[in-house]
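The values are calculated or read from the model by the stated rules, or taken from the named source; none is laboratory data. The structure presented is a predicted model; accordingly, all values stated were derived computationally and were not measured. Note that we place each Cβ from the backbone using ideal geometry, even for glycine, and neighbour counts take in every protein chain shown. Note: areas computed on protein heavy atoms with side chains; ligands, DNA, RNA excluded. Shrake-Rupley method; radii C 1.70, N 1.55, O 1.52, S 1.80 Å.
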Amino acid sequence: MTDGPPIPADRAKLVAAKTAWARDRRAPAARPSDPESRRLPPGQHRVRDWPVLDLGTHPNLNPKDWRLSVEGLVAAPTVLSLADLESIPPFEVTADIHCVTAWSRLDNRWRGVSTRDLIAEVRPRDDARFVIVKSHDGYTTNLSVDWLYEPDTLIATHWEGRPLTREHGGPVRLVVPALYFWKSAKWIRSIRFVAQDVKGFWEARGYHGVGDPWKEQRYG
């Protein structure tokens, strides 16, 4: 199942192409031998720019009006503004991006709020095993709660020392460096803690439920 509006006609070709691409890349890729390339997961190549990939819509969100709802199986559900995020101790990390479309960008400098700190604020219940992340463009993705405890996962507001731009998910996006970047939802509006896994946008279209780039978990 999916959550969000039906796919508009102008997105249908994009969705079909990316689904077919991921399905056709199930076989493990050969590992390169040079030192820099060995920093890359199998099947990836390094880029210097930051490609823009989305569903064809860039929500125009006023940072003053942006809100993040953290809800579901938590002791203290909350709604956070950008000012609320900024009141939480800032978190900075340098981490790589690995996109399922086979490019990687190394050594990205992020700033925002650690998801570990967010978890401490809302206190998930023992039966909260997954999260469903929703975005303002109708996108959704699913994650095991365990990935929010990873030391480099964050709710990001800045990249390379500057506020996130609109095309890259600003004002606020999720960043989960340990997984393929489709799990790092842009323009996030809610994180819901749930007991049972629910497939997100790409997962419902055949993408892997976890998305570990080092295991080439592209297509389920």
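Reported count of residues in the range 36-50, each being open to solvent by 90 Å² or more (accessible area, probe 1.4 Å) and among the aromatic types (Phe, Trp, Tyr), is 0. Taking each residue of the range 63-84 that is over 22 Å from ARG166 (Cβ atoms) and in a loop (DSSP other than H, G, I, E, B) and looking for partners that are of a type in the set (Gly, Ala, Ser) and open to solvent by less than 50 Å² (accessible area, probe 1.4 Å) with beta-carbon atoms closer than 8 Å, six or more apart or interchain, yields LEU73/ALA128; LEU73/ALA195; PRO77/SER69.
Within the range 151-163, the residues that satisfy the criterion of being surrounded by fewer than 22 Cβ atoms within 10 Å (Cβ to Cβ) and farther than 16 Å from SER81 by Cα are PRO151, ASP152, TRP159, GLU160, GLY161, ARG162. Among the conditions (1) open to solvent by 30 Å² or more (accessible area, probe 1.4 Å); (2) among the small types (Gly, Ala, Ser); (3) under 18 Å from the mean Cα position of the chain (by Cα); (4) at pLDDT 95 or above, GLY56 misses just one, which is (4). Among the strands (runs of 3 or more DSSP E) confined to the range 86-175, there are none with at least 3 residues that are among the hydrophobic types (A, V, I, L, M, F, W, C), out of contact with any Phe, Trp or Tyr (no Cβ under 7 Å at 6 or more places or on another chain) and more than 24 Å from ALA195 (Cα to Cα).
Residue pairs whose Cβ atoms lie under 6 Å apart, sitting 6 or more positions apart in sequence or on different chains, and linking a residue in the range 136-150 that is open to solvent by 30 Å² or more (accessible area, probe 1.4 Å) to a partner that is part of a strand (DSSP E or B) and among the charged types (D, E, K, R), are HIS136/ARG189.
Going residue by residue through the range 210-219, is there one that turns out to be over 16 Å from the mean Cα position of the chain (by Cα), at pLDDT below 95 and open to solvent by 10 Å² or more (accessible area, probe 1.4 Å)? Before you say what the answer is, go through the steps one by one.
Filtering the range 210-219 for residues over 16 Å from the mean Cα position of the chain (by Cα) gives 214-216, 219.
Checking which are at pLDDT below 95 leaves us with 219.
After this cut, where a residue has to be open to solvent by 10 Å² or more (accessible area, probe 1.4 Å) as well, the list is 219.
Among the residues of the range 210-219, at least one is over 16 Å from the mean Cα position of the chain (by Cα), at pLDDT below 95 and open to solvent by 10 Å² or more (accessible area, probe 1.4 Å), which makes the answer yes.
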